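The values are calculated or read from the model by the stated rules, or taken from the named source; none is laboratory data. In this text the structure is predicted, and so the values were computed from the model without any measurement. Positions of Cβ are backbone-derived with ideal geometry, glycine not excepted, and every protein chain shown enters the neighbour counts.
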Amino acid sequence: MTQRVYNFSAGPAVMPVPVLESIQRDMLALPGVGASILEISHRSGTFVAIAEAAEANLRKLLSISDDYAVLFLQGGSRLQFSMIPMNLLGKGQSADYILTGSWGNDALKEAKKEGETSVAWDGKSTNYDRLPKNGDLKLNPQAAYIHYTSNETIQGVQFKSEPEVGEVPLVCDASSEFLYKPLDVSKYGLLYACAQKNAGPSGVTVVIIRKDLLKRSDPNMPGYLNYQIHADNGSMWNTPPTFGIYVLKLVTDWLLNDVGGLDAMYQRNQDKAKLLYDVLDESNGFYAGHAQREDRSLMNVTFRLPSDELTDQFVGEAKKQSLTDLKGHRSVGGIRASIYNAMPLAGVEKLRDFMVEFKEKNA
Ligand code: PMP
């Protein structure tokens, strides 16, 4: 099959077509180089320029100041679950975790292996269908940092703004929303995102860290796990994920030049999500959203149908219409439509029309 489908996968996920076309066009030989991106040294002028452009694009899109280092690492967001406490959580200190879904819980699990932690809020009692209000957080003003997950990919709950945490460094897992809207990076101590949703392919993870926090890294820890070493070496201490960085550069070029920046991207994302949430809201409960209205995600739209049979039928019939990867995560059930930056409006419109028709036939 060479025809493209509308792929609603939660990640790795849909990529912008112009990016795929660039990769395809230049795969045998980068212009002026005569070899592909997969075949050149990370120390070559060509690759160094690509990595610098990727970082410059991110700095431009997110207005990242020189107070922050931008690192391109491997190991996915899960390695960050460990690296964050290994670097930032000193002996005798404790870190706060806000738990709004599966990924926050997994981050906490790894942090517990490294030191003291405390749960500032846990949405478990309502199966992670909502977010805390600022007054709900049990904060430790002495905490080494406070960790939260800005968009929970599985449950589909997403913070509209950062939790207020005072002077404690705010650490954010932004994996499944990174670059979906503008961000005030100065509010964060550290922000990280695996690329395979909005920023590129799997294999590269972006870490944006306030430089004063680099001092916390113990020089005796394993080199690869040490943020200070990566920052000192411009993410080239070891061979970085060159292909991933190259694609990240193309995706950020697309955001800057084709989309017109993150304000425009945010508008597109709001428009797309509204199409689906309107169907949910007007379905008299046939499509029951998992997340509470005010906390629902613009990236991962999660909902249930009246029965498992209807859910399977929905997934099967959608696939016949080239609408794929819609089955929800097993822990939540139902349907999850991931509509990241690169999902075109036409794909969401087609899903919307399918949902309306499916309900008419089966309600
Ligand atoms: N955090 C969030 C919010 C995620 O969605 C994911 C991946 N789905 C991860 C962490 C884990 O990322 P990785 O598989 O790259 O380790």
Qualifying positions in the stretch 323-332 - closer than 18 Å to residue 12 by Cα and either modelled with pLDDT of 95 or more or surrounded by 14 or more Cβ atoms within 10 Å (Cβ to Cβ) (or both): 323, 324, 325, 326, 327, 328, 329
Pair list, Cβ under 8 Å, 6 or more apart: the stretch 92-106 residue closer than 12 Å to residue 81 by Cα and within 10 Å of the ligand (Cβ to nearest atom), other residue outside any strand (DSSP E or B) and not small (Gly, Ala, Ser): 103/153; 103/154; 106/78; 106/81
Where residue 286 falls short, out of the listed (1) of a type in the set (Phe, Trp, Tyr); (2) assigned by TED's automatic domain parsing to the domain that holds residue 354; (3) more than 22 Å from residue 180 (Cβ to Cβ); (4) out of contact with any Pro (no Cβ under 9 Å at 6 or more places or on another chain): (4)
Yes/no for residue 295 being in the same structural domain as residue 106 (by TED's automatic domain parsing) and surrounded by 13 or more Cβ atoms within 10 Å (Cβ to Cβ): no
Near pairs, Cβ below 7 angstrom, 6+ apart or cross-chain, from the stretch 9-28 (closer than 30 Å to residue 302 by Cα and assigned to a helix (DSSP H, G or I)) to any residue that is modelled with pLDDT of 95 or more and not hydrophobic (A, V, I, L, M, F, W, C): 18/258
Residue match in the stretch 290-300 (condition: over 25 Å from the mean Cα position of the chain (by Cα), part of a helix (DSSP H, G or I) and among the charged types (D, E, K, R)): no
Filtered residue count, the stretch 114-125, keeping only those that are small (Gly, Ala, Ser) and buried (at least 16 other Cβ atoms within 10 Å of the Cβ): 3
Residue ranges of strands (runs of 3 or more DSSP E) in the stretch 115-205 with at least 2 members within 16 Å of residue 99 (Cβ to Cβ) and either within 16 Å of the ligand (Cβ to nearest atom) or under 11 Å from the mean Cα position of the chain (by Cα) (or both): 146-149, 170-173
Any chance residue 132 is of a type outside the set (A, V, I, L, M), in the same structural domain as residue 161 (by TED's automatic domain parsing), over 25 Å from residue 295 (Cβ atoms) and touching a residue at least 12 places away in the same chain (Cβ under 8 Å): no
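For residue 310, indicate whether it is in contact with a strand residue (DSSP E or B) (Cβ under 6 Å, 6 or more places away or on another chain), assigned to a helix (DSSP H, G or I) and outside the structural domain of residue 35 (by TED's automatic domain parsing).
It is false that residue 310 is in contact with a strand residue (DSSP E or B) (Cβ under 6 Å, 6 or more places away or on another chain), assigned to a helix (DSSP H, G or I) and outside the structural domain of residue 35 (by TED's automatic domain parsing).
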From the options 111, 13, residue that is under 16 Å from the mean Cα position of the chain (by Cα), within 16 Å of the ligand (Cβ to nearest atom), buried (at least 17 other Cβ atoms within 10 Å of the Cβ) and not aromatic (Phe, Trp, Tyr): 13
Residue in the stretch 23-36 that is within 16 Å of the ligand (Cβ to nearest atom), hydroxyl-bearing (Ser, Thr, Tyr) and not assigned by TED's automatic domain parsing to the domain that holds residue 340 present: no
Any hit, the stretch 257-268, residues being crowded, with 21+ Cβ neighbours inside 10 Å and more than 25 Å from residue 57 (Cβ to Cβ): no
Residues satisfying the stated conditions in the stretch 118-147, i.e. in contact with a Phe, Trp or Tyr (Cβ under 6 Å, 6 or more places away or on another chain) and of a type outside the set (A, V, I, L, M, F, W, C): 132, 136, 147
Positions within the stretch 145-164 being among the aliphatic types (A, V, I, L, M) and either touching a residue at least 60 places away in the same chain (Cβ under 8 Å) or more than 19 Å from residue 80 (Cβ to Cβ) (or both), in sequence order: 154, 157
Search result, residues across the stretch 60-75 that are crowded, with 17+ Cβ neighbours inside 10 Å and either assigned to a helix (DSSP H, G or I) or away from the ligand (no atom under 16 Å from the Cβ) (or both): 61, 62, 64, 68, 69, 70
Single residue of 315, 356 found to be modelled with pLDDT of 95 or more, closer than 23 Å to residue 152 by Cβ and not in a strand (DSSP E or B): 315
The stretch 206-243 - residue that is over 15 Å from residue 80 (Cβ atoms) and within 16 Å of the ligand (Cβ to nearest atom) and, of those, surrounded by the fewest Cβ atoms within 10 Å (Cβ to Cβ): 243
